[in-house]
Every structure is written in structure tokens, then in C-alpha cells.
Amino acid sequence: MHHFSYRDGALFAEDVSLAALADEVGTPFYCYSTATLARHFDVLAAAVKPATVCFAVKSNSSLAVIRTLAARGAGADVVSEGELRVALKAGVPANKIVFSGVGKTERELAFALVSGIRQINVESIPELETLDALARRMGRVAPIAIRVNPDVDAHTHEKISTGGAQHKFGVAAADALAVCRRAHEMAGIDFRGLAVHIGSQLTDLEPFRAAFAKLHDMVVALRDAGVPVAHLDLGGGLGVPYTADQEPPTPAAYAQMVRETVGDLGCELTFEPGRMLVGNAGMLVAKVIYVKETAAKTFVVVDAAMNDLIRPAMYAAHHDILAVKPRQGDARPVDVVGPICETGDTFDRAVALPPLQAGDLVAFATAGAYGAVMASTYNGRPLVPEVLVNGDKRCVTRRRPSYEEMTALETVPNWL
């Protein structure tokens with residue numbers, strides 16, 4: 001469910017006209033709906049209660065989005081010192097922050113320890129040894145979970161699948177028990193439990209079920225060996241519908257599967273959702289620059305590009321494209337493309353859209369996750385504004401930088 005809808009022939013975000021926003025902030029821009037963020041978090045939190053829900057900041061690092069979720073009780077799942085600092089600045093309590101990732105540096109680990117975060121998800125023996133030594137030097141004890149790689153096929157895009165033996169993430173299931181026993185004996189480590197995350201945009205519960213069943217058996221084995229396990233971090237990954245034929249499991253069905261697989265263990269649970277909270281809470285709005293007719297096809301050239309929304313170019317991902325103020329007339333197939341000098345700067349091919357003219361607005365749906373957060377300044381293009389709406393209120397939560405600001409960090413050598 002989301003809160004973008006047509007009123008009197010024009011697309012609105014809650015009670016705010018997207019066309020009016022375009023006049024105010026210029027195009028392209030991202031728009032997020034507070035009502036959608038709140039509803040998605042509340043539904044998931046109620047389904048998995050009393051678990052801790054830690055929003056995956058990598059999916060959307062907007063301070064305003066994170067604060068909106070934090071105000072409803074969300075923690076944060078971070079994968080860098082930068083994300084940790086953003087989460088803290090957004091008001092997420094440190095004791096609700098989980099730090100994941102395969103390549104945490106000593107500096108990042110030290111900052112996490114000083115910040116007093118909830119948990120560090122350790123993904124390798126070298127990381128465990130580094131963290132143990134660092135914590136002892138700092139006179140601290142690091143709260144950790146061992147991230148297990150269960151070697152489960154997530155049945156999702158290969159670039160966002162993370163739970164297979166061939167992937168860089170986590171400790172192999174065959175080695176996990178020995179690593180956990182070792183962690184339990186380390187003076188600088190507070191071993192709390194296990195973590196798992198098998199990928200993103202999962203639309204089937206069975207991969208989750210297989211991974212969580214393996215985790216269940218590991219908990220039993222560890223307890224039998226005298227190693228207490230109090231916490232399970234079950235990651236995120238539940239998908240969202242990018243197309244009409246996609247029907248991801250509901251939070252209620254997901255929560256029921258969790259109870260069936262690990263509910264008898266009595267562990268405190270943590271979840272790390274990202275896309276399912278913010279995916280369809282955001283749209284990217286762009287303006288048509290030209291409609292280019294050729295003998296082969298019709299191109300609709302818009303002022304957004306792959307540097308603003310890279311998912312179609314990187315993952316061949318689909319986003320529904322909507323006319324903000326649809327014109328009367330029959331829909332026809334067009335290629336919607338951006339202005340970057342690469343053929344990969346294509347949002348969709350042969351997509352049926354109503355008649356469009358230069359100056360018309362289009363909106364790319366389900367762009368709240370892995371949209372603005374993955375944007376770049378490729379081709380010297382400024383990062384686009386982000387706007388949060390709440391009812392009839394709106395706020396530009398990140399403005400468009402000037403060209404002078406884009407080059408302010410650079411220095412020309414004094415010999416030139």
C-alpha cells in the first residue's frame with residue numbers, strides 16, 4: 001500500500017500535488033510519503049512484536065526518512081561509519097543500532113564501540129580477532145553476533161543475493177559452531193547470538209524458512225555445547241511489488257514463518273528491513289525534455305538519468321512510469337531514456353504511455369529504496385532534491401547543490 005494517487009487527473013503524494021512540487025523545487029526530485037513509511041513500519045512491527053526492527057539505512061539514508069521511522073520506534077542496521085553517524089544524527093538510539101558488513105575497518109569498529117551500539121555482526125575470523133584485540137586495547141567488551149552464511153539460494157537477482165557459499169558474506173555454516181565457541185571464550189567479546197541475511201527483494205518465504213531452520217539447529221547445538229545464545233538477528237530481504245504480478249508475502253505471513261522456525265528458542269529477535277519499509281514510499285519525478293521520433297521507435301527523453309536512479313541500468317530493474325497529468329489519447333509504446341551518453345541510460349523500453357510532450361512530468365514508482373541513496377554526480381549532474389510530505393505539508397529535506405558546491409572539495413595543483 002502507498003499514498004500516491006490521482007486526484008482530478010493529477011498525481012498527488014498524500015495531499016500534495018507532484019506538479020506543484022515540481023514548480024517549487026525543479027526536476028528531477030525524489031518525493032517520499034510519511035504516511036506510507038509509518039504504515040509499513042507499524043504493520044511489520046506489530047507482526048513481529050516484541051522484536052526490534054532495525055531499518056537498513058543502505059536502502060535510504062535520508063535523515064528525514066530515518067528520523068520518521070525512529071520516531072515510531074525503529075532502530076538502524078548500518079554498514080559503515082558514515083551510516084552509523086547518519087543514524088545517530090537522525091535520532092536512532094545507539095542501543096538500537098546493528099553494524100553489519102564484511103569490511104569494517106578498525107576505525108569503524110572503534111567508533112561503534114565508543115558509540116555503545118547494540119551489536120556488531122561479525123562476518124569472518126579475521127574480523128573477530130581484530131575486534132577482540134581492539135576491544136581489549138580500549139578497555140571495552142564488544143557485543144557481537146556471528147553472521148552465518150547458510151548456503152541458501154534466495155531466488156533473487158544475483159547481485160543482491162548474499163546467502164550462498166559463493167558469496168562474500170558471513171561465516172560458512174560448517175565453520176560457524178567452532179567460530180562461535182571461540183568468540184564465547186574471547187575476553188574482548190560478548191557473544192550474544194547468530195545473524196543471517198540471505199539477500200534482498202525475496203518474494204517467496206521458502207528461502208527464509210530454509211535459512212532460519214539451519215539457524216535453529218545451530219542454536220540447539222551451541223546450547224548443547226554450553227555456549228549460551230540469547231539473540232537472533234534474522235536480517236531483512238522481504239520484497240516489494242515492482243510489477244502488478246508480484247505479490248510478496250505479507251508481514252503477517254512472514255512473522256508466522258519466523259514463529260514456526262525459531263519461535264521455540266526463546267531468543268530475542270532483531271530484523272533488518274529496508275526496501276519493504278521505503279520502497280513504494282518514494283517516487284522520482286522527472287520532466288520530459290524531448291519526444292524524439294525515429295523510424296525504429298519513439299524516445300521520450302527525460303531530465304532524470306541513470307545517475308539519479310541506477311536500478312534499471314544496474315539490475316535491469318523495472319519501475320512503473322506514470323504520467324503526472326495524463327493527456328487524453330491512446331497509449332503507445334515508447335522508450336523512456338535519460339540524457340547521459342550511454343545506451344544503458346534507459347529506464348524502460350516499449351512501455352505503453354499516454355501521449356507525452358516536452359514539459360510534461362513523469363513519475364517513477366517504487367523508487368524509495370536504492371534510489372537517491374545510490375545516486376552519483378556522473379556527467380557532472382547535481383544530486384537531486386529529496387522532499388518529504390506529510391498530509392498537506394512538504395519539506396525539502398535535501399536541496400540540489402550548486403555547481404560551485406560540487407567542485408568546492410577539489411583543488412587544482414599549484415603548478416597548473
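Any read-out appearing in this document is the output of simple, stated calculations on the displayed coordinates, not a laboratory observation. Values in this document were obtained by computation on a predicted structure and should not be read as measured data. Here Cβ is always computed from backbone atoms with ideal geometry, including for glycine, and neighbour counts include all displayed protein chains.
Around the amide H of Asp190, modelled in the peptide plane, lie the amide H atoms of Ala142, Ile144, all under 5 Å away and 5 or more residues distant in sequence or on another chain. Across segment 101-271, the relative contact order, built from alpha-carbon pairs under 8 Å that are at least six residues apart, equals 20 percent.
Using only side-chain charges placed at the Cβ, +1 for Lys and Arg and -1 for Asp and Glu, the dipole size of the chain relative to its Cα centre rounds to 760 debye.
Sorting Ser59, Ser100, Ser124 from the fewest to the most surrounding beta carbons within 10 angstrom yields Ser124, Ser59, Ser100.
For the chain, the longest principal axis of the alpha carbon atoms and the long axis of helix 106-115 meet at an angle near 80°. Sequentially through segment 317-334, phi angles give Karplus couplings (6.51, -1.76, 1.60; θ = phi - 60°) of 7, 9, 10, 4, 10, 10, 6, 5, 10, x, 7, 6, x, 6, 5, 9, x, 9 Hz, Gly and Pro residues having no value and appearing as x. Only aspartates and glutamates eight or more places from Lys297 in sequence, or on another chain, were considered; those with a Cα closer than 12 Å are Asp335. From the Cα gyration tensor of the chain, with a ≥ b ≥ c the square roots of its eigenvalues, which class applies: rounded if a/c is under 1.5, or else prolate if a/b is larger than b/c, or else oblate? Cα axes put the chain in the prolate bin.
Enclosing the Cα atoms of segment 101-271 in their convex hull gives a volume equal to 115 cubic angstrom per residue. Under the simplified labelling scheme, the Arg140-Val43 pair shows an inter-label distance of 3.8 nm, with each label point 7 Å from Cα along Cα→Cβ. The Cα center of segment 264-302 and the Cα center of segment 396-413 differ in position by 26 Å. Here's the picture: charge each Lys and Arg Cβ at +1 and each Asp and Glu Cβ at -1 in segment 353-416, and of Leu416, Ala363, Met406 the one pushed furthest to the positive end of that dipole is Ala363.
This model, with +1 at the C-beta of Lys and Arg and -1 at the C-beta of Asp and Glu, gives segment 59-129 a dipole about its Cα centre of some 500 debye. Going by neighbour counts of Cβ atoms within 10 Å, the residues Leu232, Leu63 line up, fewest first, as Leu63, Leu232.
Separation of segment 5-50 from segment 67-82 is 19 Å, based on Cα centroids. Springs join every pair of Cα atoms under 10 Å in this Gaussian network model of the chain, and among Ala142, Ala350, Ala176 the largest mean-square fluctuation is at Ala350. In segment 101-271, taking the dipole from charged Cβ atoms about the Cα centre, the farthest positive-side position among Leu109, Met138, Val262 is held by Met138. For the chain, modelled as a GNM whose springs connect Cα atoms under 10 angstrom apart, the maximal fluctuation among Gly170, Gly75, Gly266 occurs at Gly266. When Phe12, Phe208 are arranged by Cβ crowding within 10 Å, least crowded first, meaning fewest neighbours, the order is Phe12, Phe208. Dipole check for segment 163-243: with +1 at the C-beta of Lys and Arg, -1 at the C-beta of Asp and Glu, and the Cα centre as origin, the magnitude is about 100 Debye. Taken over segment 173-212, the convex hull of the Cα atoms encloses 81 Å³ per residue.
With the simple spin-label model, which puts each label point 7 Å out from Cα in the Cβ direction, the Ala20 to Asp224 separation comes to 6.5 nm. Approximating the spin labels as points 7 Å out from Cα along Cα→Cβ, the Asp190-to-Asp8 distance works out to 5.8 nm. In plain terms, the chain from Asp175 to Ala133 could stretch by 13.0 nm, reckoned as 0.36 nm per residue minus the Cα-Cα distance. Based on C-alpha pairs under 8 angstrom that are at least 6 apart in sequence, segment 1-154 has a relative contact order of 14 percent. Remark: for residue pairs Lys96/Lys214; Lys49/Lys393; Lys58/Lys393; Lys49/Lys89; Lys49/Lys96, the C-alpha separation exceeds 21 Å in Lys96/Lys214; Lys49/Lys393; Lys58/Lys393; Lys49/Lys89.
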